[in-house]
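Below is one structure; the comments refer to it alone.
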Amino acid sequence: MPAGVRVVVNARAGSSRADVVRAVVRELETVAPVDLQATTGVADLREALLGAGERRIVLLGGDGSVHTALRELRRAGAARAVGPIGLVPLGTGNDLARSLHLPLDPVAAARVAVRGRPRDVELAVDDSGGVVVNTAHVGIGAAATASAARFKRRMGPLAYPVGAVLAGARPDAGFALRVVVDGRVVADGTPVLMAGIGLGGTIAGGVPFVPDADPHDGVLDVVVSTSTGPVARVGFAVGLRQGLHTARQDVRTDSGRVVEITAERGRAFRVNADGEVSEPVRRVRWTAEPAAWQALCP
């Protein structure tokens, strides 16, 4: 059992989560003294993580929170040095928690955070030092998320379906992309509806985008869909919901240590990395870092 626990939570999570945070802290206090750190920005987060000392770090939040924490720890060269990290899912989708088979109930996850077994977990790192902890994708999904941002304040959870409709309604839904995995060309300027990597398997709260992904195997699983026609887009969407899309003839899968996606011509693309959407870019390259950190798992 840990000598102490440092609980790190985003102070902007809001009062609606206050009762949940208190319940998690009470559960952790049955095992060890708890130090609660409510952070308000990246500088606060970095200080809370790097100042934990011998205490076990328990992160409360969703994929975005874990993404930011691992990015900062890796930049400091401390992603493994801080020891095994406990995760308590408080986000909307919690896809990394699903990939690690963590309970989605916060109190049950808190028990795993102090009683679970450490397991090595990979990261994907891009050329700018950005990280991916669960999934990253380009194409219609990232375009839909970017479109949804315009409506999120007014429409809340309905914003993403609206953004998806707007992105999918474009006649030029495909992106001319070159996708290369460990030197193998998976797409060579072909119009691509959606392409991405998975360390974990799901996106958007359980949609099995990369069904075979394993966050412990040290490789990046790749899915490339060329389902750009109107009927094909519908078929891909239905299959994606059921995890059957990878059986389609217009979907290719691969896996490897280095994945590069380049805009061959036409418009640039956005990257959705763990729910965070980039500005338009023309190239992204990820490299797998096996056993980059440790998580407490059931």
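Look at (1) touching a Phe, Trp or Tyr at 6+ places or on another chain (Cβ under 7 Å); (2) modelled with pLDDT of 95 or more; (3) not acidic (Asp, Glu) and you find that Pro215 fails only one, number (1). Within segment 12-22, is even one residue modelled with pLDDT of 95 or more, part of a loop (DSSP other than H, G, I, E, B) and assigned by TED's automatic domain parsing to the domain that holds Leu102? Among the residues of segment 12-22, not one is modelled with pLDDT of 95 or more, part of a loop (DSSP other than H, G, I, E, B) and assigned by TED's automatic domain parsing to the domain that holds Leu102, which makes the answer no. Please verify whether Ala164 is crowded, with 16+ Cβ neighbours inside 10 Å and modelled with pLDDT under 50, treating the condition exactly as stated. The answer is yes for Ala164.
Looking only at segment 22-74, which residues are among the hydroxyl-bearing types (Ser, Thr, Tyr) and over 25 Å from Gly200 (Cα atoms)? Listed by number, the residues that qualify are Thr30, Thr39, Thr40.
Among the residues of segment 93-110, write down those that are in a loop (DSSP other than H, G, I, E, B), touching a helix residue (DSSP H, G or I) at 6+ places or on another chain (Cβ under 8 Å) and closer than 24 Å to Ala136 by Cβ. Scanning segment 93-110 gives Gly93, Asn94, Leu102, Leu104.
Here is a yes/no grid of residues against (1) on the phi > 0 side of the Ramachandran plot; (2) of a type outside the set (Asp, Glu); (3) more than 16 Å from the chain's Cα centre (by Cα):
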{"site": "Glu72", "(1), (2), (3)": "no, no, no"}
{"site": "Ala76", "(1), (2), (3)": "no, yes, yes"}
{"site": "Leu87", "(1), (2), (3)": "no, yes, no"}
{"site": "Leu90", "(1), (2), (3)": "no, yes, no"}
{"site": "Ala97", "(1), (2), (3)": "no, yes, no"}
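Only strands (runs of 3 or more DSSP E) whose full extent lies in segment 211-298 are considered here, and the ones with at least 2 residues that are of a type in the set (A, V, I, L, M) are 220-225, 258-263, 271-273, 283-297.
When Ala187 is tested against (1) crowded, with 19+ Cβ neighbours inside 10 Å; (2) in a loop (DSSP other than H, G, I, E, B); (3) more than 18 Å from the chain's Cα centre (by Cα), just one condition goes unmet, and that condition is (2).
Within segment 220-251, being of a type in the set (A, V, I, L, M), surrounded by fewer than 21 Cβ atoms within 10 Å (Cβ to Cβ) and more than 13 Å from Leu193 (Cα to Cα) holds for Val238, Leu244, Ala247. For Glu27, state whether it is surrounded by fewer than 12 Cβ atoms within 10 Å (Cβ to Cβ) and assigned by TED's automatic domain parsing to the domain that holds Arg111. The answer is no for Glu27. Return the residues of segment 91-114 that are modelled with pLDDT under 95 and surrounded by fewer than 17 Cβ atoms within 10 Å (Cβ to Cβ); say none if nothing qualifies. The answer is Thr92, and nothing else. Of everything in segment 115-133 that is of a type in the set (D, E, K, R) and not in a helix (DSSP H, G or I), the residue that is surrounded by the most Cβ atoms within 10 Å (Cβ to Cβ) is Glu122.
Among the residues of segment 1-59, the one identified as over 22 Å from the mean Cα position of the chain (by Cα), over 14 Å from Val88 (Cα atoms) and among the basic types (Lys, Arg) is Arg55. Flag: Asp254 matches the condition of being farther than 29 Å from Ile85 by Cβ, surrounded by 16 or more Cβ atoms within 10 Å (Cβ to Cβ), among the charged types (D, E, K, R) and not assigned by TED's automatic domain parsing to the domain that holds Gly86.
Scanning segment 46-90 for residues that are in contact with an Asp or Glu (Cβ under 6 Å, 6 or more places away or on another chain) and either assigned to a loop (DSSP other than H, G, I, E, B) or crowded, with 20+ Cβ neighbours inside 10 Å (or both) turns up Asp63, His67.
The values are calculated or read from the model by the stated rules, or taken from the named source; none is laboratory data. Here the structure is a predicted model, which means the values were calculated and not measured. Ideal geometry is used to build each Cβ from the backbone, glycine not excepted, and the neighbour counts take in all protein chains shown.
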